[in-house]
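The values are calculated or read from the model by the stated rules, or taken from the named source; none is laboratory data. Every value quoted in this text rests on a predicted model; they were computed, and no experiment measured them. Here the Cβ positions follow ideal geometry from the backbone for every residue, glycine too, while neighbour counts run over all protein chains shown. Side chains included, ligands, DNA and RNA excluded: accessible areas come from the protein's heavy atoms. Shrake-Rupley method; radii C 1.70, N 1.55, O 1.52, S 1.80 Å.
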Amino acid sequence: MKPILQNLVEMTGHRDHLRLEVSVLTTLQAFSGMVQVRSLEVFMLDGEQYCRPRTWMDGRGQWLSAGTEAQSDPQRVRVADMPALHECLQAHASQAVAKLGKGRHALWLPVWMNDKVHTCLEVIQARPFSAQKIDTINSVFQVFQNYQSLLDYSERDALTGLFNRKTFDEQFTRATAHDTSEPMALELPRDSAEPGAEGAERQWLAVVDIDHFKMVNDRFGHLYGDEVLILVANILRSSFRSHDRIFRFGGEEFVVLLRSTSLATAHKVFNRFRKNVEDYYFPQVGQVTVSVGFVSAENGSPVEVLGRADQALYFAKENGRNQVRYYDDLVAAGLLQTKQVSNDDVELF
């Protein structure tokens, strides 16, 4: 019991979802008779429910985390092909048990949040699960789930539900330190993709600002202003992929980390989002537009990269608004001057 308690103490010391997830998997892996312990991501694809391994241990004892987008992961499987888990999710049950074959007995523990499940822990051991073993595993799982809820609350903007400013540095480092086309070793980072050509996949950062937002608040009141923020946040969610990251930095400013795509695609995606906002009818307010400045996220600290994207954003706002501007193009055209940005002199929004 003592090692389990020690692991629980370590688990509740984390301030990051991925490290918390690895910690609970490590705790479960330490139970006797374990064959495999994984975290599964549950998602929808073409109207069907799928799952894929999100965090698991390889043959060398190294924890790995999936880097590819869930919908394109070759390891994805239809939940309908896992009858016990499928029945569990359909019934909104707390657990499912099944025999997978000789020496393989599975226990699935879905993580329910707001009546939806996006994560499920999978525990496989050599023998059937005893009632006592299930109770003990459930106790560890409940600690994990409760603490995850607390973390989620602390990391999210209360109004929009997007990530908040204080989570940015960790997410930025993770996005730019790894080649997201392959599983990510959680202790030994891979080198990032080589930047350069337009077709090369890179990581991108965009700063988004709602045009004339003060006028919305002044004319219609803060309740309608808040509704605009919520609706723009919803359009942001629908315009980007599940493994991209979207933040609300405060006020009418948002930041997007667009992962593993080419410059041409980044232009297309950011402009598609801008057009989605332009075409949306906002109740009472009518049309709302956004300006976007973006830059490669791979050269510099978070503050430096934000500073460049911020320069591109303000060029867009000062030259017509409702447009997307790429920092490097502006510099190449002589419209912006490169400058060193430090923690002392950058003013973010």
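For the range 250-276, enumerate the residues that are of a type in the set (A, V, I, L, M, F, W, C) and either assigned to a helix (DSSP H, G or I) or in contact with a His (Cβ under 9 Å, 6 or more places away or on another chain) (or both).
As a first pass, look at the range 250-276 and keep what is of a type in the set (A, V, I, L, M, F, W, C): 254-258, 263-264, 266, 269-270, 273.
Of everything in the range 250-276, those that are of a type in the set (A, V, I, L, M, F, W, C) and either assigned to a helix (DSSP H, G or I) or in contact with a His (Cβ under 9 Å, 6 or more places away or on another chain) (or both) turn out to be Leu263, Ala264, Ala266, Val269, Phe270, Phe273.
Which condition does Glu170 not pass, out of (1) more than 14 Å from His17 (Cα to Cα); (2) among the acidic types (Asp, Glu); (3) open to solvent by 40 Å² or more (accessible area, probe 1.4 Å), if it passes all the others?
Of (1) more than 14 Å from His17 (Cα to Cα); (2) among the acidic types (Asp, Glu); (3) open to solvent by 40 Å² or more (accessible area, probe 1.4 Å), only one is false for Glu170: (1).
Got a number for residues in the range 27-54 being among the basic types (Lys, Arg) and either over 16 Å from Thr119 (Cα atoms) or open to solvent by less than 30 Å² (accessible area, probe 1.4 Å) (or both)? Please lay out each step first, then the result.
In the first step, residues of the range 27-54 are kept if they are among the basic types (Lys, Arg); the result is 38, 52, 54.
This time we only want the ones that are either over 16 Å from Thr119 (Cα atoms) or open to solvent by less than 30 Å² (accessible area, probe 1.4 Å) (or both), so: 52.
Residues flagged as among the basic types (Lys, Arg) and either over 16 Å from Thr119 (Cα atoms) or open to solvent by less than 30 Å² (accessible area, probe 1.4 Å) (or both) within the range 27-54 amount to 1.
Of these, Arg202, Arg248, Arg237, which one is buried (at least 20 other Cβ atoms within 10 Å of the Cβ), within 21 Å of Lys166 (Cα to Cα) and either modelled with pLDDT under 95 or among the basic types (Lys, Arg) (or both)? Reasoning before the result, please.
Working: Arg202 fails: within 21 Å of Lys166 (Cα to Cα); Arg237 fails: buried (at least 20 other Cβ atoms within 10 Å of the Cβ).
Going through Arg202, Arg248, Arg237 in turn, just one is buried (at least 20 other Cβ atoms within 10 Å of the Cβ), within 21 Å of Lys166 (Cα to Cα) and either modelled with pLDDT under 95 or among the basic types (Lys, Arg) (or both): Arg248.
Being polar (S, T, N, Q) and outside any helix (DSSP H, G or I) is the filter; apply it to the range 61-99 and report the residue that is least open to solvent (accessible area, probe 1.4 Å).
Step one: of the range 61-99, the residues polar (S, T, N, Q) are 62, 65, 68, 71-72, 75, 90, 94-95.
Going one step further and asking which of them are outside any helix (DSSP H, G or I), we end up with 62, 65, 68, 75, 94-95.
Details: Gln62: 26, Ser65: 9, Thr68: 39, Gln75: 93, Ser94: 77, Gln95: 61 Å².
Here the residue is Ser65.
Of all residues in the range 275-320, which are open to solvent by less than 30 Å² (accessible area, probe 1.4 Å), farther than 22 Å from Asn234 by Cβ and hydroxyl-bearing (Ser, Thr, Tyr)?
Hit for the range 275-320 is Ser296, nothing else.
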